[in-house]
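Only one structure is covered here, and it is reproduced in the block below.
The values are calculated or read from the model by the stated rules, or taken from the named source; none is laboratory data. Just so it is clear, the model here is predicted, and its values are computed rather than measured. We place every Cβ from the backbone using ideal geometry, glycine too, and count neighbours over all the protein chains shown.
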Amino acid sequence: MSGVTLSNVIKKYGETQVIHGIDLEIDNGEFCVFVGPSGCGKSTLMRMVAGLEETTSGKINIGPRDVTRRDPSQRGVAMVFQTYALYPHMTVAENMGFGLKMNGHPKSEIKEKVAEAARILKLEPLLDRKPKALSGGQRQRVAIGRTIVRGPEVFLFDEPLSNLDAELRVDMRVEIASLHKQIGATMIYVTHDQVEAMTLADKIVVLRDGRIEQVGKPLELYRDPDNRFVAGFIGSPAMNFLKGQVAQGALKIDALPETPALDVRLPADGTKVELGIRPEHLRIDPEGQGFRLDLIEKLGGISYAYLHAGTGERLIVATDGESELTDDMDVGISFDPARAFLFDTGTGLRLR
Amino acid sequence: MPQHQGARLVLSQGQAAAILLLPFLTIYAVFLVYPFFKGVWISLHDWNLMAVAFNPDAKAYVGLSNYERVMWGSNITWGAWASPAFQFIGLAGAVASAWLYRTGRAGKVTALAMGGAALLLFVLPGFHPGEGGRWYDRRFWPTVGNTILFVGLAVPGVTITAMLLAAALDGETRAKAVLRTLFFLSQVLSVTVVTLIWQIMFSPRQGLIANLTQLFGGSPIVWLTAEGFAMASIVIATIWWSLGIAMILFLAGIQDISKDLYEAGALDNATGAKAFWYITLPNLKRTITLVVVLQIILHFQVFGQSHLMTNGGPNDTTQVLVRYIYQTAFRDSELGRASAMAVFLFVIMGGFSILQFVLGREKDQ
């Protein structure tokens with residue numbers, strides 16, 4: 001098994017450039033998640049690693065080998081597709097063994113490896129069925145089984161859970177995580193769901209418009225986002241933002257009566273900024289003023305309060321599930337300034 | 001149902017359906033059902049076209065003797081090796097369907113239908129005149145044989161060519177779109193034009209094929225009048241003519257196959273010919289069945305190619321069933337016997353239609 005290295009990888013469709021010079025190092029055995037909104041190029045980037053999309057320029061290495069111009073089957077990768085892409089005319093066992101059969105492995109070896117993968121994924125009772133006779137979750141497992149049988153250096157997952165219902169998605173997420181622990185191979189996983197990214201990844205790559213916004217461990221991205229985009233994308237519910245500016249060397253946030261004491265080097269006067277604070281780091285002061293509580297959603301363990309400020313800006317606050325708050329109250333907010341972030345509105349970059 | 005003011009005719013759903021269907025049913029009854037039964041009725045009579053035209057009473061009920069005169073002979077016996085080629089294929093087909101059923105590759109109904117057809121192919125050609133016997137009509141069974149040979153060559157020819165063309169022309173480039181249209185174009189020509197084109201193509205003097213053979217130093221083949229080549233030439237013309245529809249059906253079938261499967265195949269090292277064999281072909285199974293059965297039904301009715309290109313010759317080797325029916329009825333005026341043959345043809349084609357129905361209905365397990 002080996003890691004994956006992308007060096008200045010570029011993809012163009014005719015004149016349109018969709019991937020803008022990506023440099024990325026994925027270590028051996030690492031679970032790397034590409035995450036970003038739709039159209040950010042995450043699937044394209046993974047398909048380039050797979051060889052299903054041609055790389056316009058740059059270099060892709062798997063382990064020590066340069067695979068940029070190799071055929072997909074020569075790269076030592078196996079992929080789980082969003083639609084599963086199981087061969088409908090083959091049984092589960094035939095589906096799982098097809099790659100080995102095409103590469104001329106002997107029947108006995110194929111049988112052994114299929115049995116082994118079926119054991120790992122608990123697919124043994126289904127081996128003689130056709131995909132049509134399987135449920136969504138079972139098909140997903142067969143698709144994963146097919147990649148295990150191939151024994152690739154790198155596993156690729158292209159939004160594998162998005163066709164499953166919510167409950168099954170959680171189950172499969174756990175299964176994929178434990179599978180990674182069990183076989184310890186390098187895995188690249190594409191999703192637009194930041195919860196999947198946070199729960200599965202060793203390393204998250206946040207992409208936007210074909211560029212990497214930030215790379216890091218899940219909690220690093222959560223605690224220390226480099227820019228407003230990553231701050232807003234990672235975390236659920238998303239971070240709240242309040243507009244403000246720097247005037248006479250001091251920070252002023254429009255919606256807040258008092259300026260929070262942030263430990264940042266302020267930019268020049270007149271710079272527009274945004275204060276970012278996560279819902280779970282905000283507290284509601286029922287005696288306070290300045291915000292209107294529109295609605296409170298009580299989920300039991302936790303409640304989400306939907307507020308709007310005098311400026312019209314909207315905020316979400318995560319509060320105690322037993323909270324006594326009610327709709328249509330006037331409230332104030334407080335937070336620990338150390339947990340707030342400041343971003344330059346123009347560049348979107350974090351001010352530190 | 002709300003009552004409206006004034007006298008309004010309120011129809012039930014069934015009545016409305018009946019009224020809407022009436023025009024079709026009328027035409028269907030007058031032009032299809034009635035002539036069909038009339039044909040069956042004629043086949044039970046000694047019916048001379050000319051005589052009955054002048055005197056409607058000049059026909060006589062003869063029961064099944066037209067069928068006997070066409071299909072039977074004196075001193076007919078049955079042997080397992082009377083017609084080894086057909087009977088071997090039939091036997092092999094029966095064994096194959098049993099095997100397919102036992103290994104679970106074919107469903108019960110499919111296996112029964114295919115096995116039954118194969119058994120018929122084993123049994124029927126086994127009948128032959130014994131010592132001193134002869135067929136009452138010496139031309140009928142050879143004509144049936146020619147028709148089956150024609151179908152047996154044209155159907156795989158059309159199916160395989162159309163499938164390969166469809167696989168090659170599937171795609172979005174302009175060249176492929178143009179070629180698709182070109183290959184489909186021959187379909188819209190009438191049989192007269194098609195046979196004319198191919199008569200010129202096959203002409204040993206100025207034909208394109210003769211020119212090509214001469215270019216490579218061969219002597220031109222007299223395609224249409226040489227016994228070994230006449231059938232081949234009408235088959236070639238037929239393949240060229242009826243390629244279009246089959247190609248369109250295959251294109252539709254190919255476009256139905258998810259692109260993801262080919263990408264999964266690319267990762268599994270199945271590209272090009274391997275992808276065609278392991279991914280495209282199995283997923284076209286239903287389309288292949290449809291195309292084959294439609295072509296069988298269509299080509300059993302072959303007439304124009306044989307009539308216009310070879311006149312059934314040389315030495316009756318391209319005489320086909322519909323042409324024989326036509327000649328018996330309108331040249332020899334033997335309408336009763338011709339109708340008996342037409343009923344025979346109907347039974348064959350009806351059989352294949354039922355086969356198509358059965359194979360189309362059976363779901364994959």
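Give region A:308-340 a look and list any residue that's over 15 Å from A:Leu256 (Cα atoms), out of contact with any Pro (no Cβ under 6 Å at 6 or more places or on another chain) and hydrophobic (A, V, I, L, M, F, W, C), or say none.
A:Leu325, A:Met329, A:Ala338
Report those helices (runs of 4 or more DSSP H) wholly inside region B:6-83 carrying at least 2 residues which are loosely packed, with under 12 Cβ neighbours inside 10 Å and not β-branched (Val, Ile, Thr).
By residue number, B:13-28, B:34-42, B:49-54.
Take region A:255-270 and flag every residue that is out of contact with any Pro (no Cβ under 9 Å at 6 or more places or on another chain) and closer than 22 Å to A:Gly312 by Cβ.
Matches in region A:255-270: A:Ala255, A:Leu256, A:Pro257, A:Glu258, A:Thr259.
B:Thr159 - would you say it is surrounded by 18 or more Cβ atoms within 10 Å (Cβ to Cβ) and assigned to a helix (DSSP H, G or I)?
yes
For region B:307-329, give me the residue count where each residue is crowded, with 21+ Cβ neighbours inside 10 Å, of a type in the set (Val, Ile, Thr) and assigned to a loop (DSSP other than H, G, I, E, B).
Total satisfying the criteria: 2.
How many of the residues making up region A:89-104 are among the polar types (S, T, N, Q) and under 33 Å from the mean Cα position of the chain (by Cα)?
Here the count works out to 2.
Which is aliphatic (A, V, I, L, M), loosely packed, with under 15 Cβ neighbours inside 10 Å and not in a loop (DSSP other than H, G, I, E, B), of A:Leu307, A:Leu275, A:Leu295?
Testing whether each residue is aliphatic (A, V, I, L, M), loosely packed, with under 15 Cβ neighbours inside 10 Å and not in a loop (DSSP other than H, G, I, E, B) leaves just A:Leu295.
I'd like the residue in region A:72-88 that is outside any loop (DSSP other than H, G, I, E, B) and of a type outside the set (Val, Ile, Thr) and, out of all such residues, is surrounded by the fewest Cβ atoms within 10 Å (Cβ to Cβ).
A:Gln74
Residues are listed down the side, and each one gets a yes or a no for (1) touching a residue at least 60 places away in the same chain (Cβ under 8 Å); (2) closer than 15 Å to A:Val246 by Cβ:
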site: A:Ile296; (1), (2): no, no
site: A:Tyr304; (1), (2): yes, no
site: A:Thr311; (1), (2): yes, no
site: A:Ile316; (1), (2): yes, no
site: A:Thr319; (1), (2): no, no
site: A:Ser334; (1), (2): no, no
site: A:Asp344; (1), (2): yes, yes
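A:Arg228 passes all but one of (1) in contact with a strand residue (DSSP E or B) (Cβ under 6 Å, 6 or more places away or on another chain); (2) among the basic types (Lys, Arg); (3) more than 29 Å from A:Pro64 (Cα to Cα); (4) exposed (fewer than 15 other Cβ atoms within 10 Å of the Cβ); which number fails?
(4)
I'm checking my understanding of the structure. Among residues of region B:211-270 that are away from chain A (no Cβ under 14 Å) and not in a helix (DSSP H, G or I), which one is farthest from A:Arg70 (Cα to Cα)?
Filtering region B:211-270 for residues that are away from chain A (no Cβ under 14 Å) and not in a helix (DSSP H, G or I), the one farthest from A:Arg70 (Cα to Cα) comes out as B:Ala226.
What tally of residues in region A:265-305 results from selecting those that are over 27 Å from A:Leu351 (Cα atoms) and among the aromatic types (Phe, Trp, Tyr)?
Result for region A:265-305: 1.
In region A:184-238, which residues are farther than 23 Å from A:Asn28 by Cα and in a loop (DSSP other than H, G, I, E, B)?
A:His192, A:Asp193, A:Asp209, A:Gly210, A:Asp224, A:Pro225, A:Asp226, A:Ile234, A:Gly235, A:Ser236, A:Pro237, A:Ala238
Looking at region A:89-137, which of its residues are in a helix (DSSP H, G or I) and basic (Lys, Arg)?
A:Lys101, A:Lys107, A:Lys111, A:Lys113, A:Arg119, A:Lys132
Return only the number of the condition from (1) under 30 Å from B:Leu44 (Cα atoms); (2) within 14 Å of chain A (Cβ to nearest Cβ); (3) basic (Lys, Arg) that B:Arg323 does not satisfy.
That leaves (2) as the condition not met.
Quick check, is A:Phe81 under 30 Å from A:Glu15 (Cα atoms) and either within 8 Å of another protein chain (Cβ to nearest Cβ) or of a type outside the set (D, E, K, R) (or both)?
Yes: the conditions hold for A:Phe81.
Which of (1) surrounded by fewer than 20 Cβ atoms within 10 Å (Cβ to Cβ); (2) within 14 Å of chain B (Cβ to nearest Cβ); (3) assigned to a loop (DSSP other than H, G, I, E, B) does A:Arg69 not meet, given it meets every other one?
The number of the failed condition is (2).
Among the candidates B:Phe31, B:Phe86, B:Phe37, single out the residue that is more than 30 Å from A:Lys130 (Cα to Cα), aromatic (Phe, Trp, Tyr) and modelled with pLDDT under 85.
B:Phe86
If I go through region A:261-311 residue by residue, how many of them are closer than 18 Å to A:Arg339 by Cβ and of a type in the set (Gly, Ala, Ser)?
The qualifying residues number 3.
Out of curiosity, is A:Arg141 among the basic types (Lys, Arg), more than 9 Å from chain B (Cβ to nearest Cβ), in contact (Cβ under 8 Å) with a residue 24 or more places away in the chain and in contact with a Lys or Arg (Cβ under 9 Å, 6 or more places away or on another chain)?
Criteria met by A:Arg141.
Go through A:Lys101, A:Lys130 for me and flag whichever is surrounded by 14 or more Cβ atoms within 10 Å (Cβ to Cβ), within 14 Å of chain B (Cβ to nearest Cβ) and touching a helix residue (DSSP H, G or I) at 6+ places or on another chain (Cβ under 7 Å).
Residue meeting the stated conditions: A:Lys101.
How about region A:194-245: which of its residues are without any contact (Cβ under 8 Å) to a residue 60 or more places away in the chain, touching a Pro at 6+ places or on another chain (Cβ under 7 Å) and polar (S, T, N, Q)?
Listed by number, the list holds a single entry, A:Gln214.
Of all residues in region B:279-300, count the ones that are surrounded by fewer than 20 Cβ atoms within 10 Å (Cβ to Cβ), modelled with pLDDT of 90 or more and polar (S, T, N, Q).
Of the residues in region B:279-300, 1 are surrounded by fewer than 20 Cβ atoms within 10 Å (Cβ to Cβ), modelled with pLDDT of 90 or more and polar (S, T, N, Q).
How many residues, within region B:273-306, are more than 11 Å from every other protein chain (Cβ to nearest Cβ) and assigned to a loop (DSSP other than H, G, I, E, B)?
4
I'd like to check something: does region A:32-49 contain any residue that is in a loop (DSSP other than H, G, I, E, B) and facing chain B (nearest Cβ under 8 Å)?
Taking every residue of region A:32-49 in turn, none turns out to be in a loop (DSSP other than H, G, I, E, B) and facing chain B (nearest Cβ under 8 Å).
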